[in-house]
1. Can you tell me which aspartates and glutamates have their Cα less than 13 Å from the Cα of Lys250? Leave out same-chain residues fewer than eight positions away.
2. Counting other C-beta atoms within 10 Å, and keeping those with at most 15, which DSSP coil GluC sites (Glu not before Pro) do you find in region 186-281?
3. Loop only by DSSP, 16 or fewer other Cβ within 10 Å of the Cβ. Give me the GluC sites (Glu not before Pro) in region 1-67 that pass, ordered by residue number.
4. Among Val367, Val163, Val223, which one moves the most in a GNM of the chain with springs linking Cα atoms closer than 10 Å?
5. Using alpha carbon centroids, what distance separates region 36-82 and region 86-145, in Å?
6. If each residue of separation counts as 0.36 nm, what is the full-extension length gain between Lys150 and Asp389 once their alpha-carbon separation is subtracted?
7. Place a +1 charge on the Cβ of each Lys and Arg in the chain and a -1 charge on the Cβ of each Asp and Glu, then give the dipole magnitude about the Cα centre in debye, rounded to the nearest 20.
8. Under unit Cβ charges (Lys, Arg +1; Asp, Glu -1), what dipole magnitude, rounded to 20 debye, does region 225-359 have relative to its Cα centre?
Amino acid sequence: MDKSYMDSVQNALVHTYNPAPVILEYGKGAYLYDTEGKAYLDFAAGYAVNSLGYGNKEWNEALKSQIDKLAHTSNLYYHTRTKEAAEALKRVSGMDRIFFCNSGGEAVEGALKASRKYAYTKKSGRFEWIAMEESFHGRGFGSVSVTGHKAYQEPFEPLVPGVKFAKLNDLDSVKALVTDRTCAIIVEPVQGEGGINVATEEFMKGIRKICDENVILMICDEVQCGMGRTGSFFAWQEYGVRPDIMTMAKAIGSGFPVGAFAMTEKVAEYSLAPGDHGTTYGGGPLACAAVAKTVEIFEEKHIPEHVKEIGAYLKKQLEELAKKHDCILACKGKGLMQGIQLSISPAEVTKKALEKGLLLISAGSDVIRFVPPLIITEKEVDELIRILDEILE
Ligand SMILES: Cc1ncc(COP(=O)(O)O)c(C=O)c1O
């Protein structure tokens, strides 16, 4: 590792991250390579982003050809990729209307605004949100206000008022917070940052029912668990409920920065109107080319089906590993969003993994999460397990 390069970077950036001591150069399939040619099996996918892995020729070509034609237009004009990307997301999400933005946090900000605008137009007098403890929704003021972690919030208080926190999978805790001021309930079907906590079907259906009975909107945050990661295009599709608003980002662009929120026609009729919300870059030609090509490849290659199969294999192998290592307290997750809860420090494990050529990330305080590119194979899962077996006590 080139120490002088690392030092220069550290001196130039605001110190908000603790990056690993590697300088990455390129990727191929599920592997990344550093400047010294060392290979890393990637079970982090850039925080669950690089769904197609690295060096996908079709995706690369789609972006290269688009950049030669047109990179940016602003939202004043549609361009030749707008229709393709919007229709692709409509098709796979089953939602009616899409708003493109640039990140997950922005998608959440937009979703929250959309829910307040709906209440405003309906003159319901509702403005409060119910969110979940241990949730993560982003770093903007709206999104951090609905994030159920004091550590993310405290230095930035006072936050946006009107947020209450219930417990995931405890419907009574949600019911206890519902009042005639509640405008929306926001939930991640599988909490990512919070430690890979899977919502139960009873909980998701219960939220849907509360919303239907009270003119409250259900918002699903699918930024991390969406786009194939759990074995369906979007995780909520496995619960037999449809949200009123949903957010997405990360994997929908497979590495190109793009986010979106989507809503049903019923919400759109009363929600955001011209002038209410906007973004200079959102829905640009490059982002739309990335989304359209990602969805096309997902459909052609049946990626969600692959995730179901390989996710089950990963889960089984992790459960086998847990039988050998007492430090694994629990295995949890869905599809290719799995976690192991540890009695030892996740930071130590990710550090040792890096040395052995394996990229891992933690979640919550005691979980290692596995969110690899969705194209991984059994052989790569076996390699993960072999390295973990060496590292764990
Ligand atoms: C569920 C969820 N929502 C929102 C976000 C924020 O996304 P971004 O970092 O793209 O702003 C994240 C990021 O990890 C997330 O996991």
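1. Leaving aside aspartates and glutamates fewer than 8 places away in the same chain, those within reach of Lys250 are Glu106, Asp221, Glu222.
2. Numbers: sites: Glu193, Glu201, Glu202, Glu213, Glu222, Glu238, Glu265, Glu269; in loops: Glu193, Glu222, Glu269.
Passing both the DSSP loop test and the Cβ count: Glu269.
3. Details: sites: Glu25, Glu36, Glu58, Glu61; in loops: Glu36.
Answer by residue number: Glu36.
4. Per the Cα network of the chain with a 10 Å cutoff, Val163 tops the list.
5. 24 Å
6. Working: separation 239, 0.36 × 239 = 86.04 nm, distance 3.41 nm.
Separation in residues times 0.36 nm, less the Cα-Cα distance, equals 82.6 nm.
7. Working: 45 positive and 53 negative charges, 184 e Å.
Dipole about the Cα centre, nearest 20: 880 debye.
8. Working: 16 positive and 15 negative charges, 118 e Å.
Computed charge dipole of region 225-359: roughly 560 debye.
The values are calculated or read from the model by the stated rules, or taken from the named source; none is laboratory data. None of these values were measured; they are calculated from a predicted model. Cβ: placed from backbone, ideal geometry, glycine included. Neighbour counts: every protein chain shown. Protein only, heavy atoms only, side chains kept; ligands, DNA and RNA dropped before computing areas. Shrake-Rupley method; radii C 1.70, N 1.55, O 1.52, S 1.80 Å.
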